[in-house]
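Below is one structure. I have some questions about it.
What follows draws every value from the coordinates through simple rules; no lab data is involved. Keep in mind that this is a model prediction, so the values were computed, not measured. Neighbour counts run over all protein chains shown; Cβ positions are idealised from the backbone, glycine included.
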Amino acid sequence: MPIIKSAIKRVKQANVRRDRNVATKKAIKAATKAFEAKPSSATLSAAHSELDKALKKNLLHKNTVARRKAALAAKAKAAGVKLSAAKKPAAAKPAAKKAPAKTATKATTAKKPATKKAPAKKPAAKTAKK
């Protein structure tokens, strides 16, 4: 058991992070098993979502997530599940009235370009004596 105050804090933080990471990994496994038990677009998207969350939290490497998502997609395709994202159709919105354009605008003043400074003078080169 650590004696130093900062080391004690590190142990506590490591335990909290471990619990959080274990929970995320269990969620991935549960979602994957749910998809394998009943392949559907809903369970596939849930599994993909859990993998994306793990990627966002830097729990899994991006290539690992890509590989697992591709494997799930291949299983879905073999099971006959459509892989297209289910987007909700856009609801017909009433035409919004445009606000009248403001006619009074500030007159823009022409700014003078900043003057360039002369380059700094270099010190004279020393001549080598023999």
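So for segment 5-79, taking the charge dipole from beta-carbon charges (+1 Lys/Arg, -1 Asp/Glu), which of A34, A46, I8 sits furthest toward the positive end?
My answer, from the dipole projection, is I8.
Longer than 24 Å from Cα to Cα, which of K9/K53; K56/K82; K26/K57 are they? Say none if no pair is. Please report the intermediate quantities before stating the final value.
Numbers: K9/K53 27 Å; K56/K82 26 Å; K26/K57 14 Å.
In this structure, K9/K53; K56/K82 lie more than 24 Å apart at Cα.
Once a ≥ b ≥ c are taken as the square roots of the eigenvalues of the Cα gyration tensor of segment 5-79, is the result rounded (a/c under 1.5), prolate (a/b larger than b/c) or oblate (a/b not larger than b/c)?
Since a/c reaches 1.5 and a/b is larger than b/c, the shape of segment 5-79 is classed as prolate.
Calculate the dipole size of segment 1-92 relative to its Cα centre from +1 charges on Lys and Arg beta carbons and -1 charges on Asp and Glu beta carbons; express the result in debye to the nearest 20.
That gives segment 1-92 a dipole magnitude of about 340 debye.
Under 18 Å Cα-Cα from K33, which aspartates and glutamates qualify once same-chain neighbours fewer than 8 residues away are excluded?
Hits, sequence-local ones excluded: E50, D52.
Follow-up question, since we're still on this one. Based on the mean of other beta carbon atoms within 10 Å per residue, what is the order of 50-57, 32-39, most packed first?
Working: 50-57: 16.6, 32-39: 15.1.
For the peptides 50-57, 32-39, the packing ranking is 50-57, 32-39.
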